[in-house]
1. Would you please give the FRET efficiency between residue B:825 and residue B:457, computed as 1/(1 + (r/R0)^6) with r the Cβ-Cβ distance and R0 = 25 Å, to the nearest 0.05?
2. Relative contact order for the stretch B:327-501 using alpha-carbon pairs under 8 Å, separation at least 6, rounded to a whole percent?
3. Please give the direction-averaged projected area of the C-alpha convex hull for the stretch A:23-161, in square nanometres with one decimal.
4. Taking each residue of A:107-120 in turn, how many C-beta atoms of other protein chains fall within 10 Å of its C-beta, and what is the average?
5. What translational D, rounded to a whole number of µm²/s, comes out for the stretch B:542-637 from Stokes-Einstein when the hydrodynamic radius is the Kirkwood one over Cα pairs, at 25 °C and 0.890 mPa s?
6. Inside 10 Å of the C-beta atoms of A:71-82, what's the mean count of C-beta atoms belonging to other chains?
7. Within 10 Å of each Cβ in A:56-67, how many Cβ atoms from other chains are there, averaged over the peptide?
8. Computed FRET efficiency, Cβ-Cβ of residue A:119 and residue B:346, R0 45 Å: what is it to the nearest 0.05?
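What follows draws every value from the coordinates through simple rules; no lab data is involved. No experiment lies behind these values; they were computed from the predicted model shown. Cβ atoms come from the backbone with ideal geometry, glycine included; neighbour counts cover every protein chain shown.
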């Protein structure tokens, strides 16, 4: 069932990009890695079952990139888009509480309700390169990791250095 | 249309429908109660609106959904069966949803979003800024993965709830139907598309019981291989192209006339990079079309008249085209006839006058069969054409539809029953029925294919002259009244000057009562003519009253006034026939009186109701066909009716008199039917006596029966044995037996439609022989009842050889001479030959 359902939805949004072996060889110490697809890794840890990390890569259009002066409006639009997209996907109230775009990294933090009642917190970091970006997304049914923990994990992943084809 | 386009179209239709119906809701009048509306009809509505562009092969037919019939008067058991039907439908949809629809829908959404991005975005639109789109898509993928991974069941339930929430408003506003009709549509539409069993069960009464049963049958847990997923797998296998490059390439393809679908196909086929964008030719050019065909792996569609001129297949014309179009029998949902018949009984006890019956029948069925088309399939096609149009036109009368409380259809008639509501004026509904009937007659006449048949028909002046008068209609408060009213319109059959209109029983009841009086008066007058009794033109029936003999009824049945240019010719024919049969030449007045008496009684014949029509497929015959037709059933029925009318004693109210008359006639006809059923048993036993190893049984449809030997082809001895066996019955002449080979003498298999024609030909020959041999100076009627004249026919592509099998008595040399002479003189068709006479042992 999972596969059946997962495939269409994964494909519903993506994806055509090709990736190097380097991406698939990413590791986070103490975390169990699952390669969901060639461009999608999932990390989990038995000690913190509520917390997972998803790392994905994709292309983007550098000509239509985030700008500080329109960031607020653009994020608002994106929030709306995510609410629309999540309509059939067991989510609602997709909210982006904080956002920033610095050093070519889009940092988002927010929450949504899964199955109408389970609040999920997320922290999403999008690291942009020339035409690709790496998305590191922390999802937690309880609380998000602390800033230091996130910083530590990101330093291990080194997204800005992930080699992409 | 390509699969993705198709789904995309559905998706858009679905969206548009939601909007349009939501808007329409405000204008809808008060909800109407479609209490008796059958699912088939609703299904057709749905098909008309939504599914008309869906190819037949992927559209679920109405037949497949026919269990889903809802009406307000349903019993608990019916509701349960309805629920079960819906659940079955939903279970199938459930599997299809996951295996076909969902993956395709996902692809369609993908296309939609990309397509929108490429073609529709404008400043201010949702897609005008793609900022965050890719990021969001990725983010959402992670979210969905976790949701599914943590609690798949709950995720599905939530997903379904969302979908049904989205579908709910659509259903709620769905063209202002009553709640019951909406349930029908939910089953037809939603179960077809998205409704899962779990949600459906909430909607349908007793859904859980049905679900349990289906679960036990493993119908709702079955999941097949994801067919749509294969397409997605292909998508994944296709050469990877960055989205940016993909979009950029598409713009170039689009500029040459390619659609996004074309482009995606090319990508999936891996041929996207087999051509440089600058080498692309516009699709408007021949070279571009060739390129298109190559890239998509299709046959080039550029017509090249010199080499590819398509030779059109020869389309069937005239009758063949008509049979092609209307050959498939129009059927009501299973059980309709039975339900209708049950309601006839209960309605007879009602006195509230809130039931209205309508009856329309092909009044010239027999003549069309015997004299014009000479094949049952042609007449069946004519009837289908009329009944299909009637059924379609009925839907254009919503008030009739709302009150539709039963439908009946058999090989020659269509009957409906309306349950009026409090305050309904029956006259208004009879008027609507009259309009419906008139429109159907007009449509039937004006059908372009009918037009061709009309042109091909030989000019006639009788009841067959005008197809607009072939189907006659009537209405009344019960089934019998409606049928009587329809029959009383027969006097207008064939009249182009005075085309038939819907006859209303009430307008005729007084006249009908007088008619019954006049019938009896006529009979009494006739019975004073001693010569008629002496010559056995009239006989004393077993109730002691004098009525025409069966032989005389037979003459009056065969000789119809409409077949003659003048009354004089008609009467002369009757007279000559009575001279031949009874040795009594009738004067015109007596002939006229007898004919009038017969016609009046005939017009009162009670309708026959059959719970189902048995379709006998003649193409199944491999080793020949044995056909049985029970002769004289029509004569026996009229005889019983005549007898019954002599017993009517009511002198009070019109209603009482009519009731007694019809009840007694019905009782007599029922007796004939019972005797026919007994004769069928005799035939069954006779068949098994010939070859008891053959486990096949005869099939009966009305008074016709067919046996197709299964073990071996029958030889002369087998055929003679059957005749001999039937001849031991009380009235052997009742069995009109014909043997027809399933292959031509040349060895070729006879097509099914042709087999039907050849059986009719053999039966006609038997009738001709008997009409020629029975008479005052030939074989007496009483003697003729003792034997069987079976026809054994080996058809050739033109004509064929006929043998005659006689059985039932020791024939005198004179009788044999008479029979042989009649036999030979009746074989006069092209290529037809006399074979031999076979005598079965007596």
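1. 0.30
2. 30
3. Spelled out: convex hull of the Cα atoms, projected over all directions, averaged, 8.7 nm².
4. Mean partner-chain Cβ count within 10 Å for A:107-120: 3.
5. The estimated diffusion coefficient comes to 152 µm²/s.
6. Mean partner shielding for this stretch: 4.
7. For this peptide, the per-residue mean of nearby foreign Cβ atoms is 4.
8. The formula returns an efficiency of 0.15 here.
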